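Have a look at the structure below, then the notes.
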């Protein structure tokens, strides 16, 4: 438990949370390791957790009928994976696969929901962090969709 | 009396000097991005500082501003060019031995000395890696003078990555943290997928004691600056390289003007706070 507490206290995502709240988070947390190519979760499955990547990398993939799974984002150390556990229908919208051996902290959603219901200050703090994360990922997705390297304005090169 | 290329650059800055292409290297499979090693027909290339540019003149076609992408060891200079307009597309067809006109070098340089004793974050998007490459060469020549050095490089797809051999060499070093990402992966790509700002968000540097240099499309530079500032890098220690349509390269014609600044003369490298207001103006 102490090891988990120290790990969480050192993460940017949890910065600003009081020790009491970080301690509460450890209640539903556990260390999990995935081998390269091992699946963390699959699209459409029930979303019962989120993960904090400690080392290694995870590919987020989506599969279209008749096509291979396409990686649209990779996550690395210090990054948080998964927000589908926060809102209905509580199902993953994509799949996650470890690219390398990947060490994570796994947070159990039912335990978290319970903690957040009982302690709305913690609930609000977590929603704030996930809202910021979602905005950041949305901005990144927009940049990706813009195909910014396709134009001419690229560093005095042509 | 013969006049050196350096003297010509100072006394006749509008007069292109003939330089010969010594070597052409394709950076991507279709040759859309290519690198020239060039040398003046007489004498050595004038000294260029990292971040500066030359005006490359294709006789009878036109002139373009291209950053120096490396200093040659034999009196030559290196330029990396992307074929995106009529001049650069014609340049794509030139071979070793052909002659072009060169004016320069012009413009401001990356403040490499300011990064000494600090962590250094270099964020490059697309061909924006080219103007930062001389910084990397300079840092590697005096590696002990800098703290942690992080290179974040984003490209459209794996086939668009430039300087692949050097990237692999840099990635193999223990004293550089080189992170590469692409917007769209391929079936055989095992690297990162996503925008370059994510690589900055992963940290690994002391933002409060870091200098950042960013080069790429403007939208990429704007979001990279946001990520850097979130990580504690001071705006005044964040530098960007601007691209505008340069004509005279001397601050006379106004083609490259952004507000009170002439990109060719006052830039292309600016402290971020100087350019930040321009990033918020539509269609500037």
Residue hits (segment B:155-166; surrounded by 17 or more Cβ atoms within 10 Å (Cβ to Cβ), more than 8 Å from chain A (Cβ to nearest Cβ) and not in a loop (DSSP other than H, G, I, E, B)) are B:158
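Scanning segment B:104-117 for residues that are farther than 17 Å from residue B:225 by Cβ and touching a strand residue (DSSP E or B) at 6+ places or on another chain (Cβ under 8 Å), which turns out modelled with the lowest pLDDT? Don't jump to the end; show me each part of the working.
Applying the first criterion (farther than 17 Å from residue B:225 by Cβ) to segment B:104-117 yields B:104-109, B:112-113, B:116-117.
When the remaining residues are screened for being touching a strand residue (DSSP E or B) at 6+ places or on another chain (Cβ under 8 Å), the result is B:104-109.
Details: B:104: 85, B:105: 92, B:106: 92, B:107: 91, B:108: 91, B:109: 94.
So, considering only residues that are farther than 17 Å from residue B:225 by Cβ and touching a strand residue (DSSP E or B) at 6+ places or on another chain (Cβ under 8 Å), the one modelled with the lowest pLDDT is B:104.
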Screening B:70, B:65, B:83, B:96 for residues that are within 12 Å of chain A (Cβ to nearest Cβ), in contact (Cβ under 8 Å) with a residue 24 or more places away in the chain and in contact with a strand residue (DSSP E or B) (Cβ under 6 Å, 6 or more places away or on another chain) leaves only B:65
Within segment A:76-135, restricting to residues that are closer than 16 Å to residue A:34 by Cβ and more than 14 Å from the chain's Cα centre (by Cα), the one that is farthest from the other protein chains (Cβ to nearest Cβ) is A:101
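Restricting to segment B:191-213, what's the tally of residues that are facing chain A (nearest Cβ under 10 Å) and either in contact with a helix residue (DSSP H, G or I) (Cβ under 6 Å, 6 or more places away or on another chain) or over 18 Å from residue B:117 (Cα atoms) (or both)? Give the steps one after another, and end with the answer.
Of the residues in segment B:191-213, the ones facing chain A (nearest Cβ under 10 Å) are B:191-199, B:201-204.
When the remaining residues are screened for being either in contact with a helix residue (DSSP H, G or I) (Cβ under 6 Å, 6 or more places away or on another chain) or over 18 Å from residue B:117 (Cα atoms) (or both), the result is B:191-199, B:201-203.
Qualifying residue count for the region: 12.
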Residue A:54 vs (1) at negative phi; (2) away from chain B (no Cβ under 14 Å); (3) in contact with a helix residue (DSSP H, G or I) (Cβ under 9 Å, 6 or more places away or on another chain): all pass except (2)
The condition from (1) modelled with pLDDT of 85 or more; (2) closer than 26 Å to residue B:66 by Cβ; (3) part of a loop (DSSP other than H, G, I, E, B) that residue B:185 misses is numbered (2)
When every residue in segment B:167-188 that is surrounded by fewer than 16 Cβ atoms within 10 Å (Cβ to Cβ) and under 25 Å from residue A:37 (Cα atoms) is compared, the one nearest to the other protein chains (Cβ to nearest Cβ) is B:187
query: Scanning for something under 16 Å from residue B:17 (Cα atoms) and more than 12 Å from chain A (Cβ to nearest Cβ), does segment B:51-58 turn up at least one residue?
result: yes
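Determine whether segment B:232-239 contains at least one residue that is under 19 Å from residue B:130 (Cα atoms) and under 19 Å from the mean Cα position of the chain (by Cα).
Let us first name the residues in segment B:232-239 that are under 19 Å from residue B:130 (Cα atoms), namely B:238-239.
Now drop any that are not under 19 Å from the mean Cα position of the chain (by Cα), which leaves B:238-239.
Yes; the residues of segment B:232-239 include at least one that is under 19 Å from residue B:130 (Cα atoms) and under 19 Å from the mean Cα position of the chain (by Cα).
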Exception for residue A:64 within (1) over 13 Å from the mean Cα position of the chain (by Cα); (2) free of Cβ contacts under 8 Å to residues at least 60 places away in the same chain; (3) assigned to a helix (DSSP H, G or I) falls at (3)
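The values are calculated or read from the model by the stated rules, or taken from the named source; none is laboratory data. What you are looking at is a predicted structure, and each value in this text was computed from that prediction instead of being measured. All Cβ positions, even for glycine, are placed from backbone atoms using ideal geometry, and neighbour counts span all protein chains on display.
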